[in-house]
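The values are calculated or read from the model by the stated rules, or taken from the named source; none is laboratory data. Quantities reported herein were computed from a predicted structural model and do not represent experimental measurements. Methodologically, a virtual Cβ is constructed for each residue, glycine included, from the backbone with ideal geometry; neighbour enumeration extends over all protein chains shown.
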Amino acid sequence: MARIAGKATEKTVSDMKRAAIRLIARHGFEGMNLRELADEIGVKAGSFYNHIESKESLLHTLLSDTMHELIAGLDAASAVATDPADALRRFVAFHIEFHAVRRDEVFIGNAELRSLSTPHRAQIVAMRDAYEKRLLAILRAGRAAGVFAPGDLRVAAYALIALLSGVCNWYRPGGRLGVRTLVRQYTRMAFGCVGADPARAAPAAGRGVGSRAGPGGGTNPRRRRPR
């Protein structure tokens with residue numbers, strides 16, 4: 001691919017990140033090399049070092065960006081929750097929407113966490129823990145209000161995240177089920193997991209709980225490549 005003359009730094013970095021996500025999801029981190037990445041976006045491989053310290057630092061940036069978007073998106077979706085049940089509905093809707101749209105980023109976050117250096121890996125794990133703590137807070141509030149009976153909170157949070165994140169392994173846009181349908185079914189399942197009245201899974205009339213997921217990460221423990 002020919003070099004694109006006059007590309008702005010911001011555009012180069014943006015193109016580099018998008019191409020890196022595609023290539024890592026396709027070949028794995030070890031299988032992706034910077035020369036192939038350069039060809040993908042039309043720049044010289046050596047110019048990447050004007051923007052990144054190393055290939056590993058690029059991977060860290062990709063995972064960190066996704067986790068920042070995941071946390072910020074959840075905070076925005078949860079900000080208008082009216083009670084613990086509403087907060088859980090909004091958590092489920094956001095998590096499903098994000099993971100259905102950002103399958104490559106989710107896959108990379110799970111499969112390639114091991115490829116990070118110890119300090120970088122610790123940073124990403126800390127961000128995952130912060131996301132999980134938001135769900136724990138929802139479950140704790142619901143238990144205190146008497147609307148959830150989740151048992152051990154941490155086990156319930158692990159189970160919910162694994163359940164919801166699995167959607168990225170099989171969901172395909174344009175398939176038999178749309179995201180809204182998935183959100184409704186997963187919400188019912190999530191409420192069942194925490195011992196809540198199934199009737200609470202449906203939002204009150206006129207109150208939507210859908211959130212728009214940005215164009216990410218995740219905590220799905222499965223590491224096979226989405227097909």
Item to complete: Might you check whether a residue that is assigned by TED's automatic domain parsing to the domain that holds PHE148, farther than 23 Å from ASN169 by Cβ and surrounded by fewer than 16 Cβ atoms within 10 Å (Cβ to Cβ) occurs anywhere in segment 82-92?
Response: yes
Worksheet, complete the sentence: (1) surrounded by fewer than 17 Cβ atoms within 10 Å (Cβ to Cβ); (2) over 30 Å from ALA199 (Cβ atoms); (3) outside the structural domain of MET16 (by TED's automatic domain parsing) all hold for VAL106 apart from (1)
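Quick one: which of SER64, SER57 is more than 14 Å from the chain's Cα centre (by Cα) and at pLDDT 85 or above?
Numbers: SER64 fails: more than 14 Å from the chain's Cα centre (by Cα).
From the options SER64, SER57, the qualifying one is SER57.
Tell me the residue from ALA190, ALA126, ALA144, ALA162 that is assigned by TED's automatic domain parsing to the domain that holds PHE91, surrounded by fewer than 13 Cβ atoms within 10 Å (Cβ to Cβ) and within 19 Å of the chain's Cα centre (by Cα), please.
Values: ALA190 fails: surrounded by fewer than 13 Cβ atoms within 10 Å (Cβ to Cβ); ALA144 fails: within 19 Å of the chain's Cα centre (by Cα); ALA162 fails: surrounded by fewer than 13 Cβ atoms within 10 Å (Cβ to Cβ).
ALA126 is the lone residue from the list that is assigned by TED's automatic domain parsing to the domain that holds PHE91, surrounded by fewer than 13 Cβ atoms within 10 Å (Cβ to Cβ) and within 19 Å of the chain's Cα centre (by Cα).
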